[in-house]
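The values are calculated or read from the model by the stated rules, or taken from the named source; none is laboratory data. This one's a predicted model, so the numbers in the text were calculated from it and none came from an experiment. All Cβ positions, even for glycine, are placed from backbone atoms using ideal geometry, and neighbour counts span all protein chains on display. With ligands, DNA and RNA removed, areas are computed over all heavy atoms of the protein, side chains included. Shrake-Rupley method; radii C 1.70, N 1.55, O 1.52, S 1.80 Å.
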Amino acid sequence: AGVRPVFTFRNAPCWAAPAPCAPDAPNPVDPAFVDEYAHAAAQIALRYPALLAIEIWFEPNSAKFWGAPADPAAFSALVGAAAEAIHATGTGVQVYSGGLAPGMKNPDKIEYGTFLSQALDAGGVQGADAVAFHAVTEVPFKPGDDPTQRYLGRLRIQTQTLKTALAAHGLTRPIVFTQLSYSTG
C-alpha cells in the first residue's frame, strides 16, 4: 500500500547501560557501548530495508524517557554513531534524531530548543536526516474545546524554535512529527 513505517530504537539492556540499571525501564546507553547500539541499529535497517526511517530514541530531553538526567552530548554521540552505521548499510533508511518532548524546562526535562542546540554543539546529531518532534499538547482537552485552537499555532512556534537552533549551527534539516497527540487528561 506504499506505507513505510518509522521504527523507534531506544532503551539499552542492563549489560549496555550505566549502573544502576532498571530492567524493563528506559536506560541510556553507556558510552562504552555506543558502537554496539549503532551496530544493532544498522542490523534493523538491513533486516527492514523498506523502512522510511529509524528514530534514535524517544524524548531524549526528558529524564523520564532517557532513563537518567537528559544528556545532550551523550544523545548526540548516539545519534551520530547510529546514523553513520545506518547510512553505511546502503539501504536508504533515513535516521531521525529522537522525537523531542515539547514544553518548558523543568527539573526532569531540558527545553527542546536548548536541548537540540546543545546536542548540535556536541556534533553527532548532525548526521541525522531529520529532527523529530513530538507534537503533544501541553493543555488537556476538555469537552466543548476546539482541539485545534492554539495547538497549530504552538506547533508553528515549536517548529521555528527547532529551525532556529539548526540555523544557528549552519544546518537545515526537515522537522518531522513522529508523535501527534492531544491530551485528554
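Using a cut-off of 14 Å between beta-carbons, work out the net charge of the residues near residue 52 (Lys and Arg +1, Asp and Glu -1, residue 52 not included). Net charge around residue 52: -1. Each of [x] 1.03; [y] 1.20; [z] 1.12 is a candidate for Cα Rg over 2.2 N^0.38 Å; the one calculated from this structure is [x].
Separation of the stretch 92-140 from the stretch 5-74 is 14 Å, based on Cα centroids. When the P(r) is computed for the stretch 31-99, the part past 15 Å accounts for 50% of the Cα-Cα pairs. Against the chain, whose longest principal axis comes from its Cα atoms, helix 151-168 is set at around 40 degrees.
Among the protein heavy atoms, those of residue 173 account for about 70 Å² of accessible surface (1.4 Å probe, every chain in place). The value of relative contact order for the chain, using C-alpha pairs under 8 Å at least six residues apart, is 19 percent. Residues 105, 163, 142, sorted by accessible area with the largest first, give 105, 142, 163 [1.4 Å probe; ligands and nucleic acids excluded]. Kirkwood radius and radius of gyration were both taken over the C-alpha atoms of the stretch 1-42, and their ratio Rg/Rh is 1.12.
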